[in-house]
Each structure stands twice: as structure tokens, then as C-alpha cells.
1. How about the chain: what cysteines have no other cysteine beta carbon under 4.7 Å from their own?
2. Can you compute the charge dipole magnitude of the chain about its Cα centre, using +1 on each Lys and Arg Cβ and -1 on each Asp and Glu Cβ, nothing else charged? Give it in debye, rounded to the nearest 20.
3. Given the options Phe190, Met364, Gln140, identify the residue whose Cα lies farthest towards the positive end of the charge dipole of the chain (+1 on Cβ of Lys, Arg; -1 on Cβ of Asp, Glu).
4. Classify the stretch 32-166: rounded, prolate or oblate, from the alpha-carbon gyration tensor (a ≥ b ≥ c, eigenvalue square roots; a/c under 1.5 rounded; otherwise prolate if a/b is larger than b/c)?
5. Note down, for the stretch 1-71, the three equivalent ellipsoid semi-axes (square root of 5 times each alpha carbon gyration tensor eigenvalue), biggest first, whole angstrom.
6. Regarding the stretch 136-229, what is the average projected area of its C-alpha convex hull, in nm²?
7. Using a 10 Å cut-off around each Cβ, can you sort Asp179, Asp405 from fewest to most neighbouring Cβ atoms?
8. Counting pairs of alpha carbon atoms under 8 Å apart in space and at least six apart in sequence, what relative contact order in percent does the stretch 168-303 give?
Amino acid sequence: MNKKKNQEGLTVKKDENFSEWYTQIIQKAELADYSKVSGAIVFRPKSYAIWEKLQNLIDSEFKKIGIKNAYFPLFIPEKLLSQEQEHVKGFTPEVAWVTQAGKTKLPEKLAVRPTSEAIMYDSYSKWIRSWKDLPLRINQWNNVVRWEFKHPVPFLRTREFLWNEGHNVYSNAEDLDKDRIAITEIYNNFMLEYMALPSLLGKKSNKEKFAGAIATYSFELMLPNGKAIQGPDYHDDGQNFAKAYNIKFSDQNGKEQYAYQSTYAITTRMLGVMVAIHSDDKGLVIPPKLAENKIVLVPILFDKTKEKVLKEAEKIAKNLADFDIILDSREDVSPGWKYNEWELKGIPLRIELGPKDLEKKSVMISKRTGGTKMQIKIKDLKKQVPKLLEEIQVELFTNAKKLLDSSITKANTLAELNKAIKNKKIALCPMCNKPDCEDIIKEKTGGAKTLNAPLKQPSLKGKKCLGCNKQAEHMIYIGKSY
């Protein structure tokens with residue numbers, strides 16, 4: 001039994017070898033599997049169920065503010081993709097191309113969607129004629145391919161991933177800004193309430209903003225290995241794409257104007273972020289609000305009492321069916337083996353029912369985040385279970401907030417920044433907005449880069465850019481990142 005446990009359970013600790021620990025978690029907890037295509041993973045049912053919940057919850061919030069879903073082609077003609085040169089420059093190294101169908105060479109290369117501006121805006125230029133056609137808010141849930149040649153990591157960095165891809169059009173910059181606030185609030189509320197993940201919302205530097213945008217707003221999160229990672233983002237594209245794709249409208253005075261546009265997304269990367277932050281040395285930990293199965297019930301079976309215990313276990317399972325309870329009545333493995341297995345797979349609550357518990361008309365219950373068992377009367381289960389699940393949700397958020405808060409420091413000199421990076425922290429630093437200064441910082445810190453600048457900026461009086469020593473233009477977070 002011990003040999004089997006060693007094979008099935010985690011063999012490394014999170015704080016000793018994060019990379020190997022993470023790799024084991026996503027495979028042994030049955031979240032993902034590797035495929036024969038480098039950098040493209042299989043989303044197993046457990047992880048895809050979480051993605052479906054994310055999709056449904058965010059989609060319903062999008063619809064409340066007037067965003068509608070559509071679907072555009074996967075393949076994009078090279079001519080369309082090249083219309084916006086800055087955008088193409090940003091994506092060209094990552095584009096996968098289709099050049100042949102069967103034995104026939106295509107007359108024009110087709111890009112496998114790295115993002116959909118080109119194919120969508122060709123349609124937008126035909127649909128939009130008047131200010132009455134605006135705002136136009138369209139989203140699609142799809143897959144994209146970015147053939148990055150960096151080391152792929154399941155969920156966190158893959159060559160094919162899933163996301164929402166929103167593309168809104170407005171008649172003025174003010175409406176765009178209102179939408180930015182509404183959409184980033186939807187993302188933030190979801191991460192806080194469901195994923196139990198706090199983050200840093202801010203504005204990207206000119207160097208790090210989305211290719212083609214005039215401004216990018218991102219959520220940055222902190223992983224336990226000391227690396228930051230970008231979560232959802234929102235891009236203010238101004239009139240750049242409208243000019244490239246000829247998206248014009250007649251305003252209320254009959255004057256022709258270029259439209260204002262935005263793009264925004266949340267990706268399957270967030271599944272990996274959630275797993276990496278919350279899980280532990282026993283295995284997967286999933287916030288109860290996103291867990292497909294919130295409870296596992298393990299009956300303790302002996303020959304003489306098996307029938308009675310199973311009968312009561314089935315009643316309990318029926319009573320708690322709303323929580324998608326798993327009744328594990330297998331007899332070929334021990335209760336201890338089951339406990340370890342379900343801890344590895346991240347079930348939030350475990351209920352144990354044995355003959356002695358039956359006599360007391362109670363069960364033993366333990367939270368995935370704790371380990372301490374507590375006795376609860378069977379008649380009180382329906383009332384107590386929601387409270388325990390909420391406790392776990394709060395505990396996970398509290399721990400993630402502690403991780404983020406303890407990982408942030410301030411650095412007003414290059415020496416202070418290097419110390420922060422060495423200690424695996426994110427530093428809030430004074431910088432100008434010149435790409436050359438970011439290159440200097442990256443070189444002198446061994447690869448750290450700007451993440452984002454807080455929307456509420458502190459005073460910059462007396463603050464000098466760490467790159468050029470001239471007056472700083474903003475305080476911005478800097479750290480190692482994926």
C-alpha cells in the first residue's frame with residue numbers, strides 16, 4: 001500500500017521544487033495531460049468543468065452590460081493580418097500559418113488565429129455606418145494559437161489556449177473608459193469571489209502594452225515561487241485599429257469619424273494560477289465555489305455493519321446531492337487510501353461514516369484546508385456544510401492575500417530593486433516610460449521587467465527613474481514574471 005501511495009501521491013514539496021510539484025499536481029490530480037503536440041495540452045474533464053463555470057459566470061455578467069456573443073473564423077488571410085503593421089509586428093513571431101490544403105498549395109497564406117482583430121474588424125467596417133450602430137459590443141469564447149518558443153508550462157504558458165475575446169466599438173473615448181471600468185470590475189469580482197485570488201490592477205508601460213493599443217490595463221498575480229504572472233487584461237485601442245481597418249461612422253452632425261475600440265480577455269492561464277497559489281503538498285486545492293464535487297463521503301465498511309452504514313451513507317448522499325457529492329463505497333482500497341486520493345484531487349470536504357458514528361447519529365467531517373476532524377450530527381449536515389465551504393473559501397483568499405501582500409516592497413534605488421528581486425519580491429519603483437530604461441532594468445536585474453503601474457499613483461516628487469535617473473513619470477511594479 002505504501003509503495004502504491006508513493007507512486008500516486010506527490011513526491012516533491014511545493015517550496016523545494018515548485019516546477020516539479022506543479023507538474024505533478026496537474027497530472028496526478030487529473031487536470032491536464034500532455035499531447036503529442038509540443039506546448040498543446042489536453043484539458044481533462046476536471047479542469048474543463050472549472051473553465052465552463054468561469055465561462056458561464058463571466059458570460060452572464062457580460063450580457064448584463066450589453067455584450068453579445070458571436071463566432072468568427074479560425075483562419076485569417078495574410079492580407080488582413082498585415083493591415084495593422086504595429087499589431088502584426090507584435091504577433092508575427094508567434095503566428096502559425098496554413099499554406100497547403102491536401103495537395104493543393106493555397107493562393108494566400110492563412111494565419112491560425114493568434115487573436116481576432118483582423119478577421120473581426122473586416123466585418124465591423126461593413127456593419128458600422130452611423131453613430132446609431134454604436135456601441136457595438138461583441139465577445140467570442142474560442143481558442144487561439146501563439147507558437148511561442150519559450151518553455152511551455154501547462155495552463156501557464158501553452159501554444160494553444162482558450163479565452164474570452166471581447167472587441168467593443170464606441171463613438172467616443174468617454175464611453176470606452178466607462179466600459180473599461182465595468183469589464184475590469186467583472187474580472188476582478190470573479191477572481192476575488194470565486195477564485196479567491198487578489199491581484200494588482202494597473203496600467204502597463206508603453207513597452208509592455210498590447211501591440212496596437214494606446215494603453216493596456218492588466219491584473220498581475222503573485223505565484224509562490226516568487227514570479228508574477230499576468231491575469232485578465234483590457235486594451236484601450238483608441239482609433240488605431242479603426243484607421244487600419246477603415247471602421248468609420250457618421251456622427252450626429254453627419255461628420256465622418258473613426259471609431260474608438262477596446263479588446264479584453266481572461267484565459268485558461270487562470271486555472272494554472274489558481275492551482276499554483278492554493279494547492280499544497282498533499283495535492284490539489286480548489287475553491288469550493290469552483291469545485292465540481294464539493295464533498296466526498298467515505299463509509300467505513302466492516303462485514304457485520306456494512307449494510308447499515310451503506311444505507312445511511314446513501315441517504316446522506318441523497319440529502320447533500322446539491323453539492324455534487326461523491327459516495328466512495330469502493331471495497332478494494334482502504335479508507336486511508338481514499339483519504340489520500342481525495343486530498344490529492346482537491347475535494348473541499350470529506351465526510352467519514354463508520355458504525356460508531358452511526359450509533360451516535362453523526363459523522364466525522366474535515367476540511368481540505370485544515371486536517372482537524374469535527375463531529376457533526378447527521379441532521380445538521382445540510383445546515384453546516386455551506387458554512388464549512390464558505391470557511392474554506394475565506395481561508396484560501398486570506399492566505400493568497402497574505403502571499404501577495406508579503407511579496408510587495410518598495411525600491412527607490414537599483415540596489416534596493418536588486419535586493420527585492422533576489423528575495424523573490426515585486427517592487428514598486430519610480431520609472432519613466434521609455435522602453436530603453438526598461439531594457440536597462442531588465443539587464444541589471446537579471447531579467448526583471450515592469451508589470452503594471454497602480455491606477456492611483458503616489459506622489460512622484462523627488463522620485464528619479466531607476467533607468468536614466470531623470471524625473472520619474474510613474475511608480476510601477478517590477479518583478480520576475482512568466
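Computed from the coordinates by the stated procedures, all read-outs in this text should not be read as laboratory data. This one's a predicted model, so the numbers in the text were calculated from it and none came from an experiment. Ideal geometry is used to build each Cβ from the backbone, glycine not excepted, and the neighbour counts take in all protein chains shown.
1. Cys with no partner Cβ under 4.7 Å: Cys429, Cys437, Cys468.
2. Numbers: 79 positive and 61 negative charges, 184 e Å.
The calculated dipole for the chain is roughly 880 debye.
3. Met364
4. Numbers: a/c = 2.11, a/b = 1.08, b/c = 1.95.
The shape class here is oblate.
5. Details: eigenvalues 241, 41, 29 Å².
Over the Cα atoms of the stretch 1-71, the ellipsoid semi-axes are 35, 14, 12 Å.
6. Numbers: hull surface 30.4 nm².
Taking a quarter of the hull surface, the average projection is 7.6 nm².
7. Working: Asp179 23, Asp405 10.
Taking fewest neighbouring Cβ atoms as first place, the list is Asp405, Asp179.
8. Values: 185 pairs, mean separation 31.0, N = 136.
After rounding, I find 23 percent.
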